[in-house]
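Undergrad: Just dropping this structure here.
Read the figures in this text as sums done on the coordinates, not as results from a lab. This is a predicted model, so every value here is computed, not measured. No Cβ is skipped: glycine too gets one built from the backbone with ideal geometry, and neighbour counts run over all protein chains shown.
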């Protein structure tokens, strides 16, 4: 018997375990969910559960890690040579992050972390370390490259926080509270594009600043020159 079918079976079984774990965590809470319940939902033995994933906390980590992979910088990100390219990259990244985070399953992880903040604080710590930090790290990388290319000034971490604020505004809180619907793909892209444009307006092109103020500089120079007496 070849190993390929066995590997496929193991991968499918692992996916079932993670899906069952997440559903159970979401419905019953992390602290109240047992590994036996997860194994029953996934239709696997506890032995297979521990062999393929591990204990309950390892299941939580694995589930969040799977979703955190979606928060990386856009694949094949172009070299940031000009501000137009930076705008496109920020728009693509913003679209990707809002699309993934607004997914009902991902919002469920956030709600789980909030609900278990007292009974199981490790849920929030895991989400912050593996999920949110993955997105922040990818955005800091973009800002670091943009600064190295001379496109913007500032600390990458501060720039990343600023763009994230422009991107989200109060949308995430509203989604978590369930007071707004998930934005459509078109609305998500428009939000990301507007955030990128607003961000770049806050950080104007340094090469164009002297040109924009050139008229004022000339006028001030003429004003400061000694006047000639007319005869």
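Undergrad: Separation of segment 99-149 and segment 10-37 by C-alpha centroid, Å?
TA: Comparing the Cα centres of segment 99-149 and segment 10-37, I get a distance of 20 Å.
Undergrad: Once R0 is set to 25 Å, what does the formula 1/(1 + (r/R0)^6) return for the Cβ-Cβ distance between residue 111 and residue 190, expressed as a FRET efficiency to the nearest 0.05?
TA: 0.45
Undergrad: So how much slack lies between residue 43 and residue 206, counting 0.36 nm per residue of separation and subtracting their Cα-Cα distance, in nm?
TA: On the way: separation 163, 0.36 × 163 = 58.68 nm, distance 6.07 nm.
In short, 52.6 nm is gained.
Undergrad: Another question, if that's okay. Using a 7 Å offset from the Cα along the Cα-to-Cβ direction at both residue 157 and residue 34, what is the distance between the two label points in nm, to one decimal?
TA: Once both label points are built, they end up 4.4 nm from each other.
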